[in-house]
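This report concerns only the one structure given below.
The values are calculated or read from the model by the stated rules, or taken from the named source; none is laboratory data. Values in this document were obtained by computation on a predicted structure and should not be read as measured data. Reconstructed Cβ throughout: ideal geometry from the backbone, glycine too, with neighbour counts over all protein chains shown. We work out accessible area using only protein heavy atoms, side chains counted, and drop any ligands, DNA or RNA first. Shrake-Rupley method; radii C 1.70, N 1.55, O 1.52, S 1.80 Å.
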Amino acid sequence: MTEITRLGFEPLIGWTAVYGLAIAAALAWGAYLWLRGRAWATRAGALTVLAVALANPAIVEEEREPLASIAAIVLDRSESMAFGDRAAQASAAFEALKEDLEAEGSIDLRVVETNPTANGTDLFAAVDGALADVPRDQIAGAILITDGQVHDAPSGAVGPIHALVVGDPDRGDRRVEIVESPSFGIVGETAQFGIRVEDPGGAAVPVSISVNGDPLTTLTVQPGETATLPLEIERRGENIVVVETPAGPEELTLANNSTAAVVSGVRDRLRVLLITGRPNAAGRVWRDLLKSDPSVDLVHFTILRPPNKNDFTPIDELSLIPFPTSELFEEKLSEFDLIIFDQYERRGVLTYGYLDNMARFVDEGGALLLVAGEPFAGPASLARSGLAAVLPATPTGGVITDPFVPAVTPEGERHTVTAPLAGRSWGGWRRQIDAEHRVGDVLMSGPSGGPLLVVDRVGDGRVGLLLSDQIWLWARGHDGGGPFAELIRRLVHWLMKEPELEERQLQLQTIEGEARITLRTLTDTPPSAELETPEGDTVRPDWRQIGPGLFSAEAPIDGLGLYRARAGELDAVALNGPANPKEYADLRSTTDVLEPLLEEAGGGVIRLRGDGSGTPEIRMVSQRGAATGANWLGLRERGAYAVRDSRSQPLLPGVLAVALALAFALMAWRREGR
């Protein structure tokens, strides 16, 4: 304890009132003086006595307990500190610094570490957090031990703030980043990406680009310049654009040699051509289903008579418009996304050449859905045209008319189109076209296990074949109905290559320190799983089956960046953290970032030796003295204290103050009365 005697004031009224009265008295005295009052000195004495009396001066005796000055050490534990010997150097510097500060005795030390999984290095936020509950008059300062990369700014913490920088300043690193990327794009249209490479070598760098795991192109980028890359949005939903560059002449890590951007593909409109071969009960059901979807542009034709039919109907009454066969099936066929044939038979309207065009349309990436009626089993069947090359089944010529309930096949239980329907009960149908399965996947079967719904990939396109015209019974609720709309929507979306409906797909997610791989396949024996980390290491987790054709595997992860999963010919990529992590934007050890920031905070930056030695001398400095020198750093000696006991004795008791004021007033009256 320390005893201190001081002069104190305990005003009888608030300080605001005291100041106000003092100003009013000074103005009044000034006016008195200007009017040549004769007792100006005695009146000034009276006013002064009143002012001092209101301030109530006293002799204060205090017992004070000195309080320690509090300093913080912030250890940078961000991912960039894991490269080279930075972590070891930082630990060595911390131990030496801690020993010096503990020997000082007057410093209460607080130690805090930055979040190693955060997107960036927030050193100043760590300082604020460590000293948040400390009174400002006790803060001696803070010392940062870091590689010099920081991603936040000082927020007004009491200085000084110093930095000890570890790491080899001569080590370079090649890195690539996507500086411009749209968040979404229209499927089939082009989006612009900006790619930038930083490389200490300075020579042009090759950069490879892949989209959704498929290699796309390679271009050469000059370091420090932004290259523009136009890319077509391939599909609806997430499209992951991965940009990679090989290892450079100097590398701290390969984790920032690849980066990715996620672009959401939005389908503008789905253009569907529906051709009905003859009026039937399913025609309105198909039309209503497709028209109910606002994203579908539907063109529907029903062919009521062949062009060579000879009757007496006037030509201008046969249809509202001529059937635009040439325009639809030659000029604008590629503008459609999906063609649906509903119980169509060859009647001379669509020539063999048009049907050949449709087969090419599918092979080049189009989608075809054929709903077969009785004509499919006859001599005018589409299976006897150029479309036969893309159809997954061939009719035998027989038609099964016995009632049956459609069943999901074992293969269908694994396929994304029909897997959600497995295990349900529904109404029966009354007709199936007998056919021989050739290629593709049989998802549903009819009597005796014959194929009912078959899908296949043909070239770049897809085909679906429904070997019955009875699906409308489900839509009408016959015999309890069935999932007509759900089945058709899922089938159409699969034909349109929606990514979530791929029957053979590999998905990778990074969730809370874990990589989760999900595999969907049509077999019960999955290929082995591989997970590649941003550093190029490979992990092989084990599969566990979670459903028919559905497998999952997990592996712990702890680093930011791009992860890759592989299973056979399938692969997937996922980002752990943001697309361009701040932590990997620049991994060099540098003092350039902190020097201007700490100059404003009243501190200095000192680079340590390669083994973490060379910590500067720590000095306690005064409130206004310099806080840094050639090889020393200063912490403020705040001199804070807590008052444990206090006693006061008034210097101007009330009676004495009144007597003095009256004495000065009488002297003024006497002076003015002469």
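Using only protein heavy atoms and a 1.4 Å probe, report how much of Met620 is accessible, in Å² to the nearest 10.
Approximately 50 Å² for this residue.
Of Gln192, Ala132, Ile107, which is farthest towards the positive pole of segment 87-193's charge dipole, taken about the Cα centre with +1 and -1 on the beta-carbons of Lys, Arg and Asp, Glu respectively?
Of the listed residues, the answer is Gln192.
Using alpha-carbon pairs under 8 Å, 6+ residues apart, how would you state the relative contact order of the chain in percent?
Normalised by residue count, the contact order of the chain is 18 percent.
Heads up, I need the accessible area for Ser425: 1.4 angstrom probe, whole protein in place, Å², nearest 10.
110
Hey, how many Å between the Cα centroid of segment 55-69 and the Cα centroid of segment 652-673?
33
Between helix 281-291 and the chain, what is the angle of the helix's C-alpha long axis to the longest principal axis, kept within 0 to 90° and rounded to the nearest 10?
Rounded to the nearest ten degrees, it is 20.
Take the alpha carbon atoms of segment 166-197, find their center, do the same for segment 209-245, and report the distance between the two centers in whole angstrom.
One Cα centre to the other: 9 Å.
Using the Cα centre of segment 426-554 as the reference point, and only Cβ charges (+1 on K/R, -1 on D/E), how large is the resulting charge dipole? Debye, rounded to the nearest 20.
Dipole magnitude for segment 426-554 comes out near 760 debye.
Each label point is 7 Å from the Cα along the Cα-to-Cβ direction; what then is the distance between the points at Asp108 and Glu63, in nm?
It works out to 2.0 nm between the two label points.
Enter the angle in degrees (range 0 to 90, nearest 10) between the Cα long axis of helix 40-55 and the first principal axis of the Cα atoms of the chain, meaning the one along which they spread out most.
Between the helix axis and the principal axis of the chain, the angle is about 50 degrees.
Just going by the charge dipole of the chain, with Lys and Arg at +1 and Asp and Glu at -1 on Cβ, which of Thr628, Phe484, Pro11 is farthest out on the positive end?
Of the candidates, Pro11 comes out farthest on the positive side.
Name the residues whose placed amide hydrogens come within less than 5 Å of the amide hydrogen of Val111, ignoring near sequence neighbours (fewer than 5 apart) on the same chain.
Correct list: Ile73.
Using the crude model of +1 on Lys and Arg Cβ and -1 on Asp and Glu Cβ, and no other charge, please compute the dipole size for segment 335-450 relative to its Cα centre, in debye to 20.
Around 260 debye, computed over segment 335-450.
Stretch Arg644-Glu532 to full length: gain in nm at 0.36 nm per residue minus the Cα-Cα span?
Taking Arg644 through Glu532 to full extension adds about 33.9 nm, to one decimal.
Given labels modelled 7 Å from the Cα in the Cβ direction, how far is it in nm from Thr351 to Asn631?
With each label placed 7 Å out from Cα toward Cβ, I get 9.6 nm.
Compute the helix-to-body angle for 352-363: its Cα long axis versus the longest principal axis of the chain, expressed 0 to 90° and rounded to tens.
Approximately 30 degrees, to the nearest ten.
Can you tell me the dipole magnitude for the chain around its Cα centre, using point charges on the Cβ only (Lys, Arg +1; Asp, Glu -1), in Debye to the nearest 20?
2860
Report His437's accessible area, 1.4 Å probe, all protein chains in place, as a number in Å² to the nearest 10.
80
Assign one of three labels to segment 67-138, namely rounded, prolate or oblate, based on the Cα gyration tensor with a ≥ b ≥ c the square roots of its eigenvalues; rounded applies when a/c is under 1.5, prolate when it is not and a/b is larger than b/c, and oblate otherwise.
Oblate shape, in that a/c is at least 1.5 and b/c is the bigger or equal ratio.
Would you be so kind as to identify which of Val458, Leu338, Ser589 lies farthest towards the positive end of the dipole of the chain, taking Lys and Arg as +1 and Asp and Glu as -1 on Cβ and the Cα centre as origin?
The Cα lying farthest towards the positive end belongs to Leu338.
For segment 556-606, state which GluC sites (Glu not before Pro) are in a DSSP loop and have at most 16 other beta carbons lying within 10 Å of their beta carbon.
Qualifying residues, ordered by number: Glu569.
For the full complex of protein chains and a 1.4 angstrom probe, list Lys497, Lys291 by accessible area with the highest value first.
Sorted by accessible area, descending: Lys291, Lys497.
Just want to confirm a number: the relative contact order over segment 170-297, from Cα pairs under 8 angstrom separated by 6+ residues, in percent.
29
Need the C-alpha centroid separation for segment 368-409 versus segment 427-502, integer Å.
Distance between centres, Cα-based: 11 Å.
Can you give me the Kirkwood hydrodynamic radius for the chain, using every pair of distinct Cα atoms, in Å to one decimal?
Hydrodynamic radius (Kirkwood, Cα only) of the chain equals 33.2 Å.
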